[in-house]
Structure formats: C-alpha cells, structure tokens
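Before any comments, here is the structure.
The values are calculated or read from the model by the stated rules, or taken from the named source; none is laboratory data. Computed from a predicted structure; not experimentally measured. Note: areas computed on protein heavy atoms with side chains; ligands, DNA, RNA excluded. Shrake-Rupley method; radii C 1.70, N 1.55, O 1.52, S 1.80 Å.
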Amino acid sequence: EGSAGYSLTGYLSLKPCGGNITKPMLDKSGSNILILHTLSLVLPVRRYWCAFNELTQTLEFYQTERDLIHQKSPIESIQLHRSAITLNPTEDRTFTILYVNKIELFIRMYILSSKEQIKEYHLRAENHEALMIWLLGLQVK
C-alpha cells in the first residue's frame, strides 16, 4: 500500500493566499500584502486529500486518497521543518502554516545575496474534531 510512512491523513480545504511573499519586496505601507490578500478573495477554495509524510516531514496534497495509495506525485507539499503552525482566530475550523524558505546565493564560499520567502497556507478542516487532530498532530512534528 502507498500510505506507509504517513501518520495523519484526511481531507483539508486549501484557501489560496495569493502566492509567495518575499520580505525585501514588501514596502512599509504594506500595499503589496493588500494586493496578495485581495487576490486570495477571488480564488476558489480547493479540497484535497492530505497526508503527513513522516520520512520527509512534509504535508502532501493529493486530489484523492486513491492518488496517495497509487503513489502518484503530490500536487503540493509543505516542508514543516521551517514552518509555524497556528490556529486562525478569524475563520472557523481553519489553521495557518507559514513556511520560511531562506534563499542564499553562494560564490566561492561567500554569500552573495540572501533573502527569505514566506509562503502562507490557510487550511480548513471538515469539522472541529478534525481541526484539532490536524493542528495538534502537525505542531508536535
């Protein structure tokens, strides 16, 4: 079976957040954040079969449970190693994962440039019990 190594599985709805946020590109007024937030309001919420991969420490997204069982490649995956997971206080049954990806360009052992990209995911559980299972299960990873 293709689900070996997965400790948490089930449906979650992924709410788009407008894409990546790169810290150096944000201005002091926060207008770039507002544009990304406005874009997320018109994008559809999608429901995926999700599975936490214990070996790679990633949350993987599939169209259906069958895709995981048949070992298809995930549609999306989130590395939890450099992530923060919090309950969303304004939306029912929703939690947020913030993933920080530090990008460094090296030339002969010197750091030429460095920046951080923050990718934000808003995930909605089927019910309150599922929310607590996902939230607590992922936070201990």
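Quick notes on this one:
- Sequence of 118, 133 when ordered by accessible area, the most exposed leading, probe 1.4 angstrom: 133, 118
- Residues 140, 100, 45, sorted by accessible area with the largest first, give 140, 45, 100 [1.4 Å probe; ligands and nucleic acids excluded].
- Full-stretch length increase - residue 92, residue 46 - with 0.36 nm per residue and alpha-carbon distance subtracted: 14.9 nm
- Here the extension length gained between residue 100 and residue 126 equals 6.7 nm, from 0.36 nm per residue of separation less the Cα-Cα distance.
- Annotation: extensible slack from residue 140 through residue 69 equals 23.1 nm (criterion: 0.36 nm per residue apart, minus Cα-Cα distance).
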